[in-house]
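What follows is a single structure, written as C-alpha cells, with notes after it.
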Amino acid sequence: MSKVWVFQQSTLEVALDEWVQEQINHYPHKEELIRTVALAMRDFLDSRQVAEHKMVMNVSDKP
C-alpha cells in the first residue's frame with residue numbers, strides 16, 4: 001500500500017521547524033547539515049517537479 005501525505009503549507013512549516021530543532025538537540029555537531037536538509041525539502045516542495053507530477057493542489061484560504 002502506498003502512503004499519501006496530506007498537509008497544508010503552514011502545517012508543514014511548523015512540523016519541519018520542530019523536526020529541525022529536535023534533530024539539532026540530538027545532533028548539535030550536525031546543525032549545518034540538518035538545516036541544509038530542511039532547506040532542500042522546502043526547495044523540493046516548491047519545485048517545478050512537484051507541480052508537474054501533480055503533488056500539490058492550490059486552495060483558497062477563504063472558506
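The values are calculated or read from the model by the stated rules, or taken from the named source; none is laboratory data. Just so we're clear, the structure is a prediction, and the values are computed from it rather than from any experiment. With ideal geometry, Cβ positions are generated from the backbone for all residues, glycine too; neighbour counts draw on all protein chains shown. To get the accessible areas, we keep the full protein, side chains included, count just its heavy atoms, and leave off ligands, DNA and RNA. Shrake-Rupley method; radii C 1.70, N 1.55, O 1.52, S 1.80 Å.
Some observations on this one:
- Any hit, the range 3-23, residues being open to solvent by 100 Å² or more (accessible area, probe 1.4 Å), part of a helix (DSSP H, G or I) and basic (Lys, Arg): no
- Test: residue in the range 52-62 that is out of contact with any Gly (no Cβ under 6 Å at 6 or more places or on another chain), assigned to a helix (DSSP H, G or I) and either surrounded by 11 or more Cβ atoms within 10 Å (Cβ to Cβ) or free of Cβ contacts under 8 Å to residues at least 60 places away in the same chain (or both): yes
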